[in-house]
Amino acid sequence: MTTKKQINKSEVAREIVRIANVDLNGNMTVARALDSIKGIGYRTAHVLAQDFFAKTKLSPKTLLGNIPAEKDEILNSLVTKIVLPKWMNNRQKDVYSGKDLHLIDSDLMFINREDKQRLSRIKSRRGMRLQAGLRVRGQKTKSNFRRKMGVVGVVKKSKPGKAAPKRTAAKK
């Protein structure tokens, strides 16, 4: 008797599918595979998968590797040009443009890095703590996060002991 995973792997046409410049596992369902793109979470992936299956008339249980290569372009356009309700966007009221955006992958990483640099440049409290590698959102650091920060708090001092006898120079 073969397991479900073995059946799926033998039936998959493509092991790796490239969507939005990210290699996705062809052995997963569309929603599960889209979830592995940075910036697309569980809920967004399911919304995109529903839109994709509505446009292509495929079964929602179809694995990503079994989707015809011609349909990849439809999925790619859905992922790169995400249209979601305002509350689902991952960057609401962008600092630079003032628009509601949903960023994925390298754009998301670039904007996060830019935000951290902007906070450090204006010397905000949050920016200074980010720069120092400390917690930003008000957590206490006396007892937690010691692994990341190294030695924190009281350090036990060693007791002074008897000094070793001084060497005396040999007299000639």
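The values are calculated or read from the model by the stated rules, or taken from the named source; none is laboratory data. Given the structure is predicted, the values throughout are model-derived calculations rather than measurements. Every residue, glycine among them, receives a Cβ derived from its backbone with ideal geometry; neighbour counts consider all protein chains shown.
Of the helices (runs of 4 or more DSSP H) contained entirely in the stretch 44-153, those carrying at least 1 residues that are at pLDDT 90 or above fall at 72-80, 105-121, 125-132.
For the stretch 81-95, does any single residue satisfy the condition of being closer than 30 Å to Ile19 by Cα, in contact (Cβ under 8 Å) with a residue 60 or more places away in the chain, of a type in the set (D, E, K, R) and out of contact with any helix residue (DSSP H, G or I) (no Cβ under 8 Å at 6 or more places or on another chain)? Within the stretch 81-95 (the criterion being closer than 30 Å to Ile19 by Cα, in contact (Cβ under 8 Å) with a residue 60 or more places away in the chain, of a type in the set (D, E, K, R) and out of contact with any helix residue (DSSP H, G or I) (no Cβ under 8 Å at 6 or more places or on another chain)), the answer is no, since none of the residues qualifies.
Has the stretch 49-56 got at least one residue that is touching a strand residue (DSSP E or B) at 6+ places or on another chain (Cβ under 9 Å) and surrounded by 13 or more Cβ atoms within 10 Å (Cβ to Cβ)? Yes, the stretch 49-56 contains a residue that is touching a strand residue (DSSP E or B) at 6+ places or on another chain (Cβ under 9 Å) and surrounded by 13 or more Cβ atoms within 10 Å (Cβ to Cβ).
Residues being of a type in the set (Phe, Trp, Tyr) and under 21 Å from Lys148 (Cβ atoms): count how many of those fall in the stretch 82-131. Total satisfying the criteria: 0. The residues on offer are Arg32, Arg18, Arg14, and the sole one that is assigned to a strand (DSSP E or B) and not hydrophobic (A, V, I, L, M, F, W, C) is Arg18. Looking across Asp105, Asp51, one residue alone is under 29 Å from Gly26 (Cα atoms) and not assigned by TED's automatic domain parsing to the domain that holds Ile37. It is Asp105. Restricting attention to the stretch 108-150, the residues that are of a type in the set (Phe, Trp, Tyr) and surrounded by 13 or more Cβ atoms within 10 Å (Cβ to Cβ) total 1.
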